[in-house]
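S.K.: Have a look at this one before I ask anything.
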Amino acid sequence: MKILNFGSLNIDYVYQVEHFVQAGETISSTRRETFPGGKGLNQSVALSRSGSEVYHAGGIGKYDGQFLKELLRDSNVNTDFVQEMDCPTGHAIIQVNSKGNNCILLFGGANVQLDKLYIDEVFKNFDEGDYLVLQNEVNNLDYIVKSAHKKKMVIFLNPSPFNSVITDLNLDMVDCFLLNEIEAQSMCGIETDDIDKLIEEMKRKFPKAKFVLTLGKDGVCYFDDKNMYRHGIYDVEVVDTTAAGDTFSGYFISSISKNLCVEESLKIASIASSMAVSKSGAAVSIPLLKEVENSNLRLIK
Ligand code: RIB
């Protein structure tokens, strides 16, 4: 079984600010750093650092994106399918406030220049039972999902950032969704604080799918048509939440692919993402499996 991640590769420009800039306001940042990022790249790094063999597909600009490919390579991700293009690499402008929370502005660049011929070439290397990992920062997502479904691959979708591209997909082709409450509400077309109601609605709408729903300070839950498991959060000092969700997704999918049970997979992924929030940056904050296994973080709920 192979894991293919078709996803974004971004240059993250991270600005440390006291508070997020408001409409009409001009503020100064106290620091600017440049990091490798992109939900796709982060998830591939997390998959690999948790011990899985992963192939990354996506696009970078040939003049400004080489360091992203190098970071993937250094993290043992296979980059044979990373396309180098004659356009700028995608980037993200990220504000991180004094509480460690972020807000992100994206520029698609090479991430949104993937054509069908290239996608077909990549899929020639994958077969029934292989995993496909997806987020929503590349173009032709619909075509990618349909191609994987035709091949009977197992499709994991993190519907982030959520927009009409997601609602226009045939979501019945997705085997497992990894998402937060807001994305779940958007997918179901309801607004509610009642998590049980949200879960029932997701099960009703997508009866064959599995779900991993992150609940912020209430931890995470997994559910499908028969099972439900929950896991709490760990006590860490929050420095930067960027890539916490990506770390969780990569670690969870990797653990499941190694046939670990759902409870253990939730635990490992939760520890890994807690460790990621205690460091600055996206991909560079993702821990190695050894560090996760040796961590002595305290479960608080
Ligand atoms: O999930 C975090 C990522 O979102 C950042 O690395 C940024 O590039 C955006 O894609």
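The values are calculated or read from the model by the stated rules, or taken from the named source; none is laboratory data. On a predicted model such as this, the values are computed, not experimentally measured, just so you know. Positions of Cβ are backbone-derived with ideal geometry, glycine not excepted, and every protein chain shown enters the neighbour counts.
S.K.: Hey, can you tell me all the residues within region 192-226 that are under 25 Å from GLU264 (Cβ atoms), over 21 Å from the mean Cα position of the chain (by Cα) and in a loop (DSSP other than H, G, I, E, B)?
M.R.: Answer for region 192-226, where residues must be under 25 Å from GLU264 (Cβ atoms), over 21 Å from the mean Cα position of the chain (by Cα) and in a loop (DSSP other than H, G, I, E, B): LYS208, ASP225, LYS226.
S.K.: What's the total number of residues in region 243-263 that are among the charged types (D, E, K, R) and in contact (Cβ under 8 Å) with a residue 60 or more places away in the chain?
M.R.: 2
S.K.: Could you check region 46-60 and list, in sequence order, the residues that are under 19 Å from VAL122 (Cβ atoms) and within 15 Å of the ligand (Cβ to nearest atom)?
M.R.: LEU47, HIS56, GLY58, GLY59, ILE60
S.K.: Exactly one condition in (1) within 16 Å of the ligand (Cβ to nearest atom); (2) in contact with an Asp or Glu (Cβ under 6 Å, 6 or more places away or on another chain); (3) polar (S, T, N, Q) is false for SER75; which is it?
M.R.: (2)
S.K.: Looking at region 92-106, which of the residues that are part of a strand (DSSP E or B), more than 10 Å from the ligand (Cβ to nearest atom) and more than 16 Å from the chain's Cα centre (by Cα) is modelled with the lowest pLDDT?
M.R.: That would be VAL96.
S.K.: So, in region 181-191, exactly how many residues are part of a helix (DSSP H, G or I) and among the β-branched types (Val, Ile, Thr)?
M.R.: 1
Per-residue answers, yes or no, for (1) closer than 30 Å to LYS217 by Cβ; (2) in contact with an Asp or Glu (Cβ under 7 Å, 6 or more places away or on another chain); (3) within 16 Å of the ligand (Cβ to nearest atom); (4) outside any helix (DSSP H, G or I):
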position: ASP80; (1), (2), (3), (4): no, no, no, yes
position: ASP120; (1), (2), (3), (4): no, no, no, no
position: VAL138; (1), (2), (3), (4): no, no, yes, yes
position: ILE155; (1), (2), (3), (4): yes, yes, no, yes
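S.K.: Still on this model: Would you point out which residue out of THR26, THR34, THR89 is over 24 Å from LEU132 (Cβ atoms) and within 13 Å of the ligand (Cβ to nearest atom)?
M.R.: Checking each option against the conditions leaves just THR34.
S.K.: Additional query: I'd like the full set of residues that are at negative phi and surrounded by fewer than 21 Cβ atoms within 10 Å (Cβ to Cβ), limited to region 240-266.
M.R.: Of everything in region 240-266, those that are at negative phi and surrounded by fewer than 21 Cβ atoms within 10 Å (Cβ to Cβ) turn out to be THR241, LYS258, LEU260, CYS261, VAL262, GLU263, GLU264.
S.K.: Ok, one more. Using the structure shown, decide if LEU4 is more than 15 Å from the ligand (Cβ to nearest atom) and under 16 Å from the mean Cα position of the chain (by Cα).
M.R.: Against the criterion (more than 15 Å from the ligand (Cβ to nearest atom) and under 16 Å from the mean Cα position of the chain (by Cα)), LEU4 qualifies.
S.K.: Could you tell me whether region 135-155 includes any residue that is in contact with a Pro (Cβ under 8 Å, 6 or more places away or on another chain) and at positive phi?
M.R.: no
S.K.: Tally up the residues in region 244-301 that are closer than 12 Å to GLN43 by Cβ and not hydrophobic (A, V, I, L, M, F, W, C), please.
M.R.: Residues that pass the stated criteria total 8.
S.K.: Oh, and also: Could you grab the pairs with beta carbons closer than 9 Å, sequence gap of 6+ or different chains, first residue in region 205-231 and on the phi < 0 side of the Ramachandran plot and of a type in the set (S, T, N, Q), second one part of a strand (DSSP E or B) and surrounded by 14 or more Cβ atoms within 10 Å (Cβ to Cβ)?
M.R.: As it stands, the answer is THR214/LEU178; THR214/LEU179; THR214/ASN180; THR214/VAL220; THR214/CYS221; ASN227/LYS210, since those pairs meet every condition given.
S.K.: Being without any contact (Cβ under 8 Å) to a residue 40 or more places away in the chain and surrounded by fewer than 17 Cβ atoms within 10 Å (Cβ to Cβ), is that true of even one residue in region 154-161?
M.R.: No, because not a single residue in region 154-161 is without any contact (Cβ under 8 Å) to a residue 40 or more places away in the chain and surrounded by fewer than 17 Cβ atoms within 10 Å (Cβ to Cβ).
S.K.: Of the residues that make up region 213-225, is at least one surrounded by fewer than 18 Cβ atoms within 10 Å (Cβ to Cβ), under 30 Å from GLU33 (Cβ atoms) and not aliphatic (A, V, I, L, M)?
M.R.: Yes, region 213-225 contains at least one residue that is surrounded by fewer than 18 Cβ atoms within 10 Å (Cβ to Cβ), under 30 Å from GLU33 (Cβ atoms) and not aliphatic (A, V, I, L, M).
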